[in-house]
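Just below is one structure, and these are the notes that go with it.
The values are calculated or read from the model by the stated rules, or taken from the named source; none is laboratory data. Quick caveat: nothing in here was measured; it's all calculated off a predicted structure. Here Cβ is always computed from backbone atoms with ideal geometry, including for glycine, and neighbour counts include all displayed protein chains. The accessibility values were calculated without ligands, DNA or RNA, using every heavy atom of the protein model including side chains. Shrake-Rupley method; radii C 1.70, N 1.55, O 1.52, S 1.80 Å.
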Amino acid sequence: MKASARAGANIAFVKYWGQADPELNLPLNNSLSMTLDNAFTLTTVEFLPHLAADALTLNGEPAGAAATRRVTAQLDRLRALAAPQQEPGFRHDAAPNPDSNPVSWRARVESRNSFPTGAGIASSASGFAALTVAAAAGLGLDLTLAELSAMARLASGSACRSLHGGYVEWLAGTSHAGSYAVQIAPPEHWRLIDAVAVVSGEPKEVSSEAGHRLASTSPFLAARLATVDATLAACRAAILARDLVALGEAAEADALSLHAVALTSRPSVWYWNCGTQAVVEAVRAWRREGLPAYFTIDAGPNVHILTLPGHLPAVRARLAEIPAVKEVIVCGPGSGATLLSEHLF
Ligand code: DP6
């Protein structure tokens, strides 16, 4: 009944932006990411009889109502999946006996991030990947990686990619079971660096969820979707060939296309601030000076700098000269979500 899991956050080179089905979190396009080693979530879930409601602790503090509701929604999906498996004779019209029906039990959940909250690293991806793996195990569900990935997707789209380590593609699909992530190369294939330049620790004003829903109001969405398959092909080939220049150019183009869609949505969504612009300008200048580094930016102001380990000291030294950069978090490719034998409580 008690299970724990660890899952890494991920950074997308070709991003998920806009949904074909907002209920099922089916995306408009495939996306491609690297799971991060140095930014992960640890989660313990214990299903208990006689708990009135799911109770969530986040980084040592009781979580707010909105976060708890999102966790309960995911636990409910997994509890519903477990019901017929656990009790072959289960009748949906029968009143559950709370003492003997563990799938109706509420859970105590504790979750800790290895990275500071508000660091511009999506904690929902690692958080919901870890929650899905731990809760599925706690409920005795025997799911394949593809099924776990699809379940994680229902809670947070990008979480489906964190089931796998290394380099990962989310196959958009057209149904719940057909929309899940696959690994395209393991973490040891290529030691790429994602140095996250934190320029704001504030929560973003417009959530990814709201951004996805507004994407269809932008006249540029069609242009983004017309080019995304070519960007995906370029990224896949660059990863397999360990080609930073090709990957960096494709990832920058994709991030700029996402932000072009966001900026031209109605109402307009601005994720950049002056610090974002300062880092982007710096990265472009470094390249002109011969330092290979590329940027990508998610739905927030912080800048992820893609480079190779040999260039990291130079990148760090130059970032230290930019006053807007408050902190730098350095990540490489990490492993996929795993069950742990040690628990948080
Ligand atoms: C810009 O819907 O997965 O990071 O709201 O945190 O669950 P949450 O995010 P999600 O959208 C992610 C959008 C993105 C691009 C990406 O990671 O592909």
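Within region 1-34, the residues that satisfy the criterion of being crowded, with 23+ Cβ neighbours inside 10 Å, touching a Lys or Arg at 6+ places or on another chain (Cβ under 8 Å) and part of a strand (DSSP E or B) are Asn10, Ala12, Ser31, Leu32, Ser33.
The single condition among (1) assigned to a loop (DSSP other than H, G, I, E, B); (2) more than 18 Å from Ile121 (Cβ to Cβ); (3) more than 16 Å from the ligand (Cβ to nearest atom) that Gly165 does not satisfy is (2).
Is it the case that region 129-138 has a residue that's in contact (Cβ under 8 Å) with a residue 12 or more places away in the chain, open to solvent by 30 Å² or more (accessible area, probe 1.4 Å) and more than 10 Å from the ligand (Cβ to nearest atom)? Looking for residues that are in contact (Cβ under 8 Å) with a residue 12 or more places away in the chain, open to solvent by 30 Å² or more (accessible area, probe 1.4 Å) and more than 10 Å from the ligand (Cβ to nearest atom), one finds at least one in region 129-138, hence yes. Quick check: is even one residue across region 147-161 within 16 Å of the ligand (Cβ to nearest atom), part of a loop (DSSP other than H, G, I, E, B), in contact with a helix residue (DSSP H, G or I) (Cβ under 8 Å, 6 or more places away or on another chain) and modelled with pLDDT of 95 or more? For region 147-161, residues within 16 Å of the ligand (Cβ to nearest atom), part of a loop (DSSP other than H, G, I, E, B), in contact with a helix residue (DSSP H, G or I) (Cβ under 8 Å, 6 or more places away or on another chain) and modelled with pLDDT of 95 or more: present.
Please indicate, with yes or no, whether at least one residue in region 77-93 is at pLDDT 95 or above, outside any strand (DSSP E or B), open to solvent by 60 Å² or more (accessible area, probe 1.4 Å) and over 17 Å from Leu154 (Cβ atoms). Within region 77-93, not a single residue is at pLDDT 95 or above, outside any strand (DSSP E or B), open to solvent by 60 Å² or more (accessible area, probe 1.4 Å) and over 17 Å from Leu154 (Cβ atoms).
Total residues in region 287-322 satisfying the condition of being β-branched (Val, Ile, Thr), farther than 11 Å from Ala195 by Cβ and within 16 Å of the ligand (Cβ to nearest atom): the figure is 2.
Selection of first residues in region 35-54 that are under 8 Å from Gly8 (Cα atoms) and part of a strand (DSSP E or B) and of second residues that are among the aliphatic types (A, V, I, L, M) and at pLDDT 95 or above, restricted to Cβ pairs under 6 Å at least 6 apart or on distinct chains, gives the following pairs, ordered by first then second residue: Leu36/Ala9; Ala39/Ala9; Thr41/Ala7; Thr41/Ala130.
Hey, among the residues in region 230-252 that are in a helix (DSSP H, G or I) and without any contact (Cβ under 8 Å) to a residue 24 or more places away in the chain, which one's least open to solvent (accessible area, probe 1.4 Å)? Before you say what the answer is, go through the steps one by one.
In the first step, residues of region 230-252 are kept if they are in a helix (DSSP H, G or I); the result is 230-240, 244-252.
Now restrict to residues that are without any contact (Cβ under 8 Å) to a residue 24 or more places away in the chain: 230, 233-234, 237-238, 246.
On the way: Ala230: 71, Ala233: 50, Ala234: 43, Ala237: 57, Ala238: 3, Ala246: 36 Å².
This residue is Ala238.
Where residues in region 179-224 are away from the ligand (no atom under 15 Å from the Cβ) and among the charged types (D, E, K, R), which of them is modelled with the lowest pLDDT? Top of the filtered list is Glu202.
For the structure I just gave you, tell me whether Val330 is β-branched (Val, Ile, Thr), in contact (Cβ under 8 Å) with a residue 12 or more places away in the chain, assigned to a loop (DSSP other than H, G, I, E, B) and surrounded by 14 or more Cβ atoms within 10 Å (Cβ to Cβ). No.
Would you check which residues across region 10-51 are among the β-branched types (Val, Ile, Thr) and either closer than 19 Å to Leu244 by Cβ or over 14 Å from the mean Cα position of the chain (by Cα) (or both) and list them?
Within region 10-51, Ile11, Val14, Thr35, Thr43, Thr44, Val45 qualify.
So for region 117-127 (the condition being open to solvent by less than 10 Å² (accessible area, probe 1.4 Å), modelled with pLDDT under 95 and within 16 Å of the ligand (Cβ to nearest atom)), does at least one residue qualify? Yes, region 117-127 has at least one match. If you go through region 4-30 and keep only what is touching a His at 6+ places or on another chain (Cβ under 7 Å), within 12 Å of the ligand (Cβ to nearest atom) and of a type in the set (A, V, I, L, M, F, W, C), you end up with Ile11, Trp17.
Of all residues in region 307-318, those satisfying the criterion of being under 25 Å from the mean Cα position of the chain (by Cα) and either buried (at least 19 other Cβ atoms within 10 Å of the Cβ) or in a helix (DSSP H, G or I) (or both) are Thr307, Pro309, Leu312, Val315, Arg316. I need the full set of residues from region 260-302 which are under 16 Å from Gly18 (Cα atoms) and outside any loop (DSSP other than H, G, I, E, B), in order please. Residues satisfying the conditions are Ala260, Val261, Ala262, Leu263. Scoring Trp170 on the criteria (1) surrounded by 24 or more Cβ atoms within 10 Å (Cβ to Cβ); (2) in a helix (DSSP H, G or I); (3) not β-branched (Val, Ile, Thr) leaves a single failure, condition (2).
The single condition among (1) away from the ligand (no atom under 16 Å from the Cβ); (2) of a type in the set (D, E, K, R); (3) open to solvent by 40 Å² or more (accessible area, probe 1.4 Å) that Asp54 does not satisfy is (3). Would region 260-269 turn up any residue that is at pLDDT 95 or above, in contact with a Phe, Trp or Tyr (Cβ under 7 Å, 6 or more places away or on another chain) and closer than 28 Å to Pro186 by Cα? Looking for residues that are at pLDDT 95 or above, in contact with a Phe, Trp or Tyr (Cβ under 7 Å, 6 or more places away or on another chain) and closer than 28 Å to Pro186 by Cα, one finds none in region 260-269, hence no.
Identify, by number, the condition in (1) crowded, with 21+ Cβ neighbours inside 10 Å; (2) under 28 Å from Glu46 (Cβ atoms); (3) small (Gly, Ala, Ser) that Ala197 doesn't meet. Unmet for Ala197, out of (1) crowded, with 21+ Cβ neighbours inside 10 Å; (2) under 28 Å from Glu46 (Cβ atoms); (3) small (Gly, Ala, Ser): (2).
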